[in-house]
């Protein structure tokens, strides 16, 4: 069995390779929803208080002001303010007429 390797990033211990996913997420500044680009919501800018002033995101380990790693259960949709991973706004497939 392969042993997981850990690194420290943003003051947190995490699995090796995760810092690169955090950095890649920072480059994805928008979501395109129904043909319109919307700025993604940074950690700490959500309408709900997820504790960004006191701790990293519990799911993806980003710090206040960073964009969540896609698939994070804390990230909010910039259109409906629902959970981005489960709202209908971010469906990859557009309905065909």
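Laboratory data are not the source of any read-out in this text; all were calculated from the coordinates shown. If you're wondering where the values come from, they're calculated on a predicted model, not measured in any experiment. A quick note on method: Cβ atoms are made from the backbone with ideal geometry, for glycine too, and the neighbour counts reach across all protein chains shown.
For every helix of n ≥ 4 consecutive DSSP H residues, a contribution of -39,500 (n - 2.57) applies; sum these over the chain, divide by its total residues, and give [θ] at 222 nm rounded to the nearest 500 deg cm²/dmol. Provide the component values of the computation, followed by the final result.
Values: 1 runs with 10 residues, N = 97.
About -3000 deg cm²/dmol.
With only alpha-carbon atoms counted, please give the Rg and Dmax of region 1-92, in Å.
14.0, 46
With the crude spin-label approximation of a point 7 Å out along Cα→Cβ, what separation in nm comes out for residue 23 versus residue 64?
Modelled inter-label distance: 2.5 nm.
Rounded to the nearest 5, what % of DSSP beta bridges with both residues in the chain are antiparallel? Before the final figure, lay out each step's value.
On the way: 9 of 9 bridges.
Among the beta bridges of the chain, antiparallel pairing accounts for roughly 100 percent.
So what's the angle, to the nearest 10 degrees on a 0 to 90 scale, between helix 18-27 and the longest Cα principal axis of the chain?
30
Nearest 0.05, what FRET efficiency do residue 5 and residue 34 give at R0 = 35 Å with Cβ-Cβ as r? The partial results should precede the final answer.
Numbers: r = 41 Å, r/R0 = 1.18.
Calculated transfer efficiency: 0.25.
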